[in-house]
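Right, one structure below, let's go through it.
Just so it is clear, none of the values below were taken in a lab; they were calculated from the coordinates. Nothing here was measured: the structure is a model prediction, and the numbers come from that model. So basically every Cβ, Gly included, is an ideal-geometry build from the backbone, and we count neighbours across all protein chains shown.
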Amino acid sequence: MTKPLQALWWIRKGEFRVGPEWEEAHVIVQAMEGVFEFDWVHALLHWIEADMGNADYWYRRAGKRRSAPNVKSEWEHIAKELSGVTQH
């Protein structure tokens, strides 16, 4: 499992809330700032935190936009993209 997918795993384990699992995910993504996959997950973390200005900053750094109406749906979208799962 890649590091960005590990961060997503921690986010889900923490039930999409700020807490120890959120912190684990944040440590992972901070280690590789500037790599779009890490920055994309970083954006999601700040959305969970309700820090939308910071989330938007990380979405811009990743070259992405929010594509879902809520955190859980966005998590699913990012997880599919980063794991190479495509929809038909």
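Would you mention how many residues in the range 1-21 are part of a helix (DSSP H, G or I) and without any contact (Cβ under 8 Å) to a residue 24 or more places away in the chain?
Number of matching residues: 6.
Out of the residues in the range 22-39 meeting the condition of being outside any loop (DSSP other than H, G, I, E, B) and of a type in the set (Asp, Glu), tell me which one is surrounded by the most Cβ atoms within 10 Å (Cβ to Cβ).
Asp39
Does any residue of the range 11-21 turn out to be among the hydrophobic types (A, V, I, L, M, F, W, C), surrounded by fewer than 21 Cβ atoms within 10 Å (Cβ to Cβ), within 11 Å of the chain's Cα centre (by Cα) and on the phi < 0 side of the Ramachandran plot?
no
Does the range 11-24 contain at least one residue that is closer than 15 Å to Glu81 by Cβ and in contact with a Leu (Cβ under 9 Å, 6 or more places away or on another chain)?
Yes, some residue in the range 11-24 is closer than 15 Å to Glu81 by Cβ and in contact with a Leu (Cβ under 9 Å, 6 or more places away or on another chain).
What residue, among those in the range 45-74 that are assigned to a helix (DSSP H, G or I), among the hydrophobic types (A, V, I, L, M, F, W, C) and in contact with a helix residue (DSSP H, G or I) (Cβ under 6 Å, 6 or more places away or on another chain), is surrounded by the most Cβ atoms within 10 Å (Cβ to Cβ)? Full working, then the answer.
Taking the range 45-74 and keeping what is assigned to a helix (DSSP H, G or I), we get 45-48, 52-62, 71-74.
Imposing the further condition that a residue be among the hydrophobic types (A, V, I, L, M, F, W, C) reduces the set to 45, 47-48, 52, 55, 58, 62, 71.
Remaining after also requiring in contact with a helix residue (DSSP H, G or I) (Cβ under 6 Å, 6 or more places away or on another chain): 45, 47-48, 55, 58, 62, 71.
On the way: Leu45: 25, Trp47: 22, Ile48: 23, Ala55: 20, Trp58: 22, Ala62: 20, Val71: 17.
Looking at residues that are assigned to a helix (DSSP H, G or I), among the hydrophobic types (A, V, I, L, M, F, W, C) and in contact with a helix residue (DSSP H, G or I) (Cβ under 6 Å, 6 or more places away or on another chain), I get Leu45.
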